[in-house]
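Novice: This structure is in structure tokens; I'll ask about it shortly.
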Amino acid sequence: MAAEHGPALRDAVTALARTVAGQDAPADGDWWQDGHARWELYRRAAEAADAGERLLAAVAAESDLPLASAVVVMMLEKVPAGERGRWVDALDPEVRDFARKREHELAVLDALTAGEPAAGSPSAQEIAAWSDWLQLRVAGSARDRPLLELLADSGRTKRIRGEARQSAQRVRRETR
């Protein structure tokens, strides 16, 4: 169960607000207790180049566990691959599983879109085990034509198959 909003969360969120909003940061009050206000702050902080460490501290102090998880999943796509584990580890173990899975999916995506899969092209069985999110991302960004054609044939949804088909056609045109 999530902890009550406490001084650690207040301090972390207030410091983050000063970093993101500067002079416009709310000075006092209970604004920081509103999860919607914190989400908006976290979303803005995710776009600020100098707010990463303070945002990570706020996530670690966050008492709303689903909110913390959403922030981490958002940040996993923004931070370098080597920093992703720190973000996942900042979460309470109760909500860490989804973020850990997304971290793994991003590693697969990175390998496939870099054009250098660690162990060759994935099999149809491996692709079938991927989430819809990963299949769609690979379909839209991979440059390996056999992989794209496999996704065009066996992607889980019509949208994934269509995206893979378009990407395969684009790759085919570019390599002529």
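Novice: Go through the residues of the stretch 127-137 one by one and say whether even a single one is within 18 Å of S167 (Cα to Cα), at pLDDT below 90 and of a type in the set (D, E).
Specialist: At the first step, the residues of the stretch 127-137 found to be within 18 Å of S167 (Cα to Cα) are 127, 132-137.
Subset that is at pLDDT below 90: none.
No, because not a single residue in the stretch 127-137 is within 18 Å of S167 (Cα to Cα), at pLDDT below 90 and of a type in the set (D, E).
Novice: If you take the residues of the stretch 15-36 that are modelled with pLDDT under 70 and of a type in the set (A, V, I, L, M, F, W, C), which of them is farthest from E47 (Cα to Cα)?
Specialist: A27
Novice: In addition: Given (1) of a type in the set (G, A, S); (2) open to solvent by 50 Å² or more (accessible area, probe 1.4 Å); (3) without any contact (Cβ under 8 Å) to a residue 24 or more places away in the chain, identify the lone condition not met by G85.
Specialist: It fails just one condition, (2).
Novice: Here is a follow-up. Can you tell me which residue within the stretch 120-140, out of those that are among the polar types (S, T, N, Q) and not in a loop (DSSP other than H, G, I, E, B), is surrounded by the most Cβ atoms within 10 Å (Cβ to Cβ)? Step through it out loud before you land on a result.
Specialist: Residues of the stretch 120-140 among the polar types (S, T, N, Q): 121, 123, 125, 131, 135.
Among the residues that remain, those that are also not in a loop (DSSP other than H, G, I, E, B) are: 125, 135.
Numbers: Q125: 7, Q135: 23.
The selected residue is Q135.
Novice: Still on this structure: So, in the stretch 50-65, exactly how many residues are open to solvent by less than 30 Å² (accessible area, probe 1.4 Å), assigned to a loop (DSSP other than H, G, I, E, B), closer than 19 Å to D92 by Cβ and not polar (S, T, N, Q)?
Specialist: Selection size over the stretch 50-65: 1.
Novice: If T113 satisfies every condition in (1) closer than 30 Å to R38 by Cβ; (2) of a type in the set (S, T, Y); (3) surrounded by 15 or more Cβ atoms within 10 Å (Cβ to Cβ) but one, which is the exception?
Specialist: For T113, the failing item is (1).
Novice: Condition first: open to solvent by 10 Å² or more (accessible area, probe 1.4 Å), in contact with a helix residue (DSSP H, G or I) (Cβ under 9 Å, 6 or more places away or on another chain) and in a helix (DSSP H, G or I). Now tell me which residues in the stretch 153-163 satisfy that. First the steps, then the outcome.
Specialist: Of all residues in the stretch 153-163, those open to solvent by 10 Å² or more (accessible area, probe 1.4 Å) come to 153-154, 156-159, 161-163.
Now narrow it down to the ones that are in contact with a helix residue (DSSP H, G or I) (Cβ under 9 Å, 6 or more places away or on another chain): 153-154, 156-157, 159, 161-163.
Listed by number, the residues that qualify are D153, S154, R159, R161, G162, E163.
Novice: Here is a list: R176, R96, R143. Which entry is surrounded by 15 or more Cβ atoms within 10 Å (Cβ to Cβ) and over 30 Å from L9 (Cα atoms)? Give the derivation first.
Specialist: Numbers: R176 fails: surrounded by 15 or more Cβ atoms within 10 Å (Cβ to Cβ); R96 fails: over 30 Å from L9 (Cα atoms).
Selected residue: R143, the only one of R176, R96, R143 that is surrounded by 15 or more Cβ atoms within 10 Å (Cβ to Cβ) and over 30 Å from L9 (Cα atoms).
Novice: Going by the conditions given, is R102 over 30 Å from V59 (Cα atoms) and open to solvent by 20 Å² or more (accessible area, probe 1.4 Å)?
Specialist: On the way: over 30 Å from V59 (Cα atoms): no; open to solvent by 20 Å² or more (accessible area, probe 1.4 Å): yes.
In short, no.
The values are calculated or read from the model by the stated rules, or taken from the named source; none is laboratory data. What you are looking at is a predicted structure, and each value in this text was computed from that prediction instead of being measured. Positions of Cβ are generated from backbone atoms using ideal geometry, with glycine treated the same way; all protein chains shown enter the neighbour counts. The protein model used for the area step is the full one, side chains on, heavy atoms only, and it has no ligands, DNA or RNA in it. Shrake-Rupley method; radii C 1.70, N 1.55, O 1.52, S 1.80 Å.
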